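Heads up: the structure comes next, in structure tokens.
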Amino acid sequence: WLIVGAFEQNYGVRAQFPFRFPTPAQLRSQVYTGLVYGATGIVYFIQDSFISRNGSVVGMSPNPQIHVVDDPALRGPGKMELIAMTPVQQAMSKALWETTRQLNYEMTELTPALLSPTVSPDELSYSVAVAIVNGKSESGSPIRTLLKPDPVNGGYVLLAVNVDAAAAEVTFTFDRPLTGLHGLFDAYAYPLELKDGGKSFTMNFDPFDAIPIAFEIAR
């Protein structure tokens, strides 16, 4: 299980450790990075509510409110005062909720592949070449990948995620020619072109991009 942070903390506590809402791209990157490293369950922390606000936390919500309804039964001496959302936090809360809705749809569609054995290099091997075109890679290896078979549609699914706040040009090279190459869920807006006899293709990754890619082996 991977617990993904989708909240912001207000008042004095944030001066000690400034928790901030992730952007939608950062949230996707967190989830897909977890999938690459073997997560099969995702928990989002936290849905906005009286309980979260009573802990000085604003969370994500399908209908975030500037103020939450105060329940006197849950208040008492020593309780932290309820906090209000700012208009910007309200916009971020809604955006993250919609992002999780899309992510949950994608993970549901990918479940048969994700729960299948990872493709071994003996079956199909590939390399990843990364050129940073803007920004700085803090990790030294910003593109993380996972190759799975697609038991529903046939072929393979490659999960590729950029864990850095840097833009990169990435070339994937396989040991055999591919066919039917395409990005899934409209996560990549540009056409993908096979090169080197169908064995390689190049993609541009924005900071924190997470892109699932489908293809088959050419016969």
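Taking label points 7 Å from Cα along the Cα-to-Cβ direction, SER125 and ASP206 give a separation of 3.6 nm. Per-residue ellipticity at 222 nm from helix content only, as computed over the chain with -39500 (n - 2.57) for each DSSP H run of at least four residues, stands at -7000 deg cm²/dmol.
Near the amide H of TYR44, within less than 5 Å, lie the amide hydrogens of VAL4, all on another chain or at least 5 residues away, with H placed in the peptide plane. Modelled spin-label separation between GLN47 and ASP175, with each label point placed 7 Å from Cα along the Cα-to-Cβ direction: 4.7 nm.
A DSSP coil position with no more than 10 other Cβ atoms inside 10 Å describes the following GluC sites (Glu not before Pro) in the range 87-181: GLU138. Within the chain, the longest segment free of exposed loop sites, counting chymotrypsin sites (Phe, Trp or Tyr not before Pro) that fall outside DSSP classes H, G, I, E and B and have at most 16 other Cβ atoms within 10 Å, spans 38-184. A Förster distance of 25 Å, applied to the separation of the beta-carbon atoms of THR23 and ASN134, puts the FRET efficiency at 0.90. The slack between TRP1 and HIS67, meaning 0.36 nm per residue of separation minus the straight C-alpha distance, is 20.6 nm.
A Gaussian network model of the chain, with springs between Cα atoms under 10 Å, assigns the largest mean-square fluctuation among ASP164, ASP186, ASP206 to ASP186.
Between PRO64, PRO22, PRO177, where does the largest GNM mean-square fluctuation fall for the chain, given springs only between Cα atoms within less than 10 Å? Residue with maximal mean-square fluctuation among PRO64, PRO22, PRO177: PRO177.
Structural descriptor for the chain: relative contact order 19 percent, calculated from alpha carbon pairs under 8 angstrom and at least 6 residues apart. Listed by chain and number, the aspartates and glutamates whose alpha-carbon sits under 16 Å from that of LYS195, ignoring those within fewer than 8 places in the same chain, are GLU169, ASP175, GLU216. Cα centroids of the range 178-219 and the range 23-63: 28 Å apart. Backbone N atoms of the range 38-57 closer than 17 Å to the 7 Å Cα→Cβ label point of VAL88 are not found in any residue.
For the range 128-219, the equivalent ellipsoid derived from the Cα gyration tensor has semi-axes of 23, 14, 11 Å, listed largest first.
Value of Rg to Rh for the chain, rounded to two decimals, is 1.07; Kirkwood radius and Rg both from alpha-carbon coordinates. Positive contributions from Lys and Arg (+1) and negative ones from Asp and Glu (-1), summed over other residues with Cβ under 12 Å from the Cβ of ASN63, come out at -1.
Counting only aspartates and glutamates at least 8 places from LYS94 when in the same chain, those with an alpha carbon closer than 14 Å to its own are GLU8, ASP48.
Taken together, the values in this text are just the output of simple stated rules run on the coordinates, not laboratory data. Fair warning: this is a prediction, and the values are worked out from it, not measured in the lab. Don't worry about glycine lacking a Cβ; one is built from the backbone with ideal geometry, like all the others, and counts go over all protein chains shown.
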